[in-house]
Amino acid sequence: MRQTESLRGAGTGRSRTVAGCTLLVIALGAGVAGCGADDNPLSAEPYDAAEQISFNGSVDEGRTADPDRPLEVVAEDSDGRITDVTAVDASGRYVAGELAADGSRWHSTSPLAANARYTVRVSTENEDGRPGRKVLSFTTGKPTTTQRLAVTFGPEAGTYGVGQPLTAELNVPVRDRAQRAVVERALKVDSTPAVSGTWHWVDDKKLHYRPEDYWPAHATVRVHSTLEGIKINDRLRGGASAPLTIAIGDRVIAVADAAAHRLTVHKNGEEIKQIPVTTGKPGFETRNGVKVVLGKERFVRMRSSTVGIAEGSAESYDLNVEFATRVTWSGEYVHAAPWSVGSQGYANVSHGCVGMSTGNAEWFFGTVRAGDLVEVVNSNGSTMEPFGNGFGDWNLTWQKWREGSALVDGAQGDPRTGERARLRPQPA
């Protein structure tokens with residue numbers, strides 16, 4: 001016995017118990033007609049599969065359907081069965097659904113949009129295997145709720161490095177996994193050239209998106225939402241959201257080896273420069289791991305008191321720093337450190353930053369952009385946290401990253417949460 005689901009572009013629909021809710025019902029009276037001349041039922045023209053249609057909120061009377069009620073198709077004739085159902089609105093959004101194993105009924109498993117026109121195509125077959133067909137159109141009415149979920153995509157439009165994650169900020173928290181799946185399924189990402197990726201729920205109001213590997217150099221990435229009008233829960237529907245397009249520049253990756261006291265810069269797969277550096281000394285070790293460049297500041301005042309070091313203590317400082325490339329919100333930079341030139345290439349003497357000569361820092365500052373990558377290896381420091389202190393997204397394995405998606409089967413529990421920490425900079 002064949003079982004199908006209409007899922008096109010909507011993800012896999014799962015069984016859903018509908019309680020205390022009237023269904024939108026299309027009743028199918030599976031008409032019986034003779035076979036073609038060659039007695040092959042598949043060679044016959046499809047018969048009209050709906051002698052009678054009853055639809056809650058009768059379209060025939062010019063009334064609109066309630067988008068808060070699921071859609072159900074029922075085969076009333078015991079000698080016939082449903083073989084396939086597709087339901088799509090005028091903007092091309094498909095409704096996910098599930099077909100019973102015996103073909104007796106199909107019901108939607110994803111919400112209908114409000115103020116939308118749908119076309120439903122139903123395929124059936126009778127006891128002789130002859131195909132039937134019915135097409136029905138209907139319009140949904142205004143939503144019964146007033147709260148809207150808005151999505152703000154980031155970063156701002158522009159050109160970024162290959163490590164730049166996409167972000168989606170929600171104006172309303174979404175905690176339930178099934179509701180998260182509705183939201184996530186509607187956040188569409190396309191890139192040229194094409195790569196596959198996944199959203200990861202950072203917390204109840206924030207998602208990040210990244211591919212398995214870095215973006216291709218010189219790609220174009222577009223993200224938009226199809227949530228408008230979609231029911232998320234009884235009190236919340238999707239609202240309008242502005243789309244975003246960003247460009248990806250060259251593949252620039254800098255690797256800082258804390259043990260070798262050297263930073264090596266690669267561009268599009270080729271090594272272009274090695275720079276002697278100093279990294280965090282004992283007690284102030286630089287974080288290991290992959291960090292995404294957050295921005296660049298020509299001058300930064302760095303004070304020890306902003307990172308918990310008491311003024312007047314042996315470790316206190318108050319310095320004006322040039323050519324500072326930020327990689328964490330808590331104050332880790334790659335920057336000019338002319339006071340430590342004698343140690344650069346030989347010893348680690350900074351308070352956690354990657355320090356270099358002013359000339360090298362100016363070159364690095366002019367070479368990298370937001371979204372480029374700085375990877376620290378062989379430090380005695382902890383590993384860069386995935387969220388909350390910048391973009392540490394690439395420090396999660398692909399498997400762990402996918403577990404933060406509400407659409408990935410088998411993911412256990414809620415994704416980890418992170419609190420964004422915007423602290424003052426610390427110097428080298």
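The values are calculated or read from the model by the stated rules, or taken from the named source; none is laboratory data. In this text, all values refer to a predicted model and were calculated from it rather than measured experimentally. Cβ sites come from the backbone with ideal geometry, for glycine too, and all protein chains shown count toward neighbours. We work out accessible area using only protein heavy atoms, side chains counted, and drop any ligands, DNA or RNA first. Shrake-Rupley method; radii C 1.70, N 1.55, O 1.52, S 1.80 Å.
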For region 84-103, name all the residues that are in a loop (DSSP other than H, G, I, E, B), open to solvent by 40 Å² or more (accessible area, probe 1.4 Å) and of a type outside the set (Asp, Glu).
ALA90, SER91, GLY92, ARG93, ALA101
Does ALA247 satisfy the condition of being assigned to a strand (DSSP E or B), at pLDDT 95 or above and either crowded, with 22+ Cβ neighbours inside 10 Å or of a type in the set (Asp, Glu) (or both)?
no
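Quick grid of which residues meet (1) among the aliphatic types (A, V, I, L, M); (2) part of a loop (DSSP other than H, G, I, E, B); (3) at pLDDT 95 or above:
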site	(1), (2), (3)
ALA370	yes, yes, yes
GLY381	no, yes, no
TRP394	no, no, yes
ALA421	yes, yes, no
Would you point out the residue of region 270-295, among those that are in contact with a Lys or Arg (Cβ under 7 Å, 6 or more places away or on another chain) and open to solvent by 40 Å² or more (accessible area, probe 1.4 Å), that is farthest from TYR160 (Cα to Cα)?
PRO276
Failed item, numbered, when ASN115 is tested on (1) open to solvent by 40 Å² or more (accessible area, probe 1.4 Å); (2) on the phi < 0 side of the Ramachandran plot:
(2)
Filter region 171-200 down to residues that are touching a helix residue (DSSP H, G or I) at 6+ places or on another chain (Cβ under 6 Å) and either free of Cβ contacts under 8 Å to residues at least 40 places away in the same chain or open to solvent by 50 Å² or more (accessible area, probe 1.4 Å) (or both), then give me how many there are.
0
Could you please give the count of residues in region 358-384 that are free of Cβ contacts under 8 Å to residues at least 40 places away in the same chain and either among the hydroxyl-bearing types (Ser, Thr, Tyr) or under 30 Å from HIS200 (Cα atoms) (or both)?
1
With the requirement that a residue be open to solvent by less than 40 Å² (accessible area, probe 1.4 Å) and more than 34 Å from the chain's Cα centre (by Cα), what does region 351-373 give you?
HIS351, GLY355, MET356, SER357, ASN360, ALA361
Hey, can you tell me all the residues within region 250-269 that are among the polar types (S, T, N, Q) and open to solvent by 70 Å² or more (accessible area, probe 1.4 Å)?
ASN268
Picking from SER343, SER313, SER330, SER305, the residue that is open to solvent by less than 20 Å² (accessible area, probe 1.4 Å) and either at pLDDT below 90 or in a loop (DSSP other than H, G, I, E, B) (or both) would be SER330
Just checking, which of VAL162, VAL151 is within 30 Å of TYR209 (Cβ to Cβ), among the β-branched types (Val, Ile, Thr) and touching a Phe, Trp or Tyr at 6+ places or on another chain (Cβ under 6 Å)?
VAL162
Only one of (1) surrounded by fewer than 20 Cβ atoms within 10 Å (Cβ to Cβ); (2) of a type in the set (Phe, Trp, Tyr); (3) part of a loop (DSSP other than H, G, I, E, B) is not met by PHE387, so which one is it?
(1)
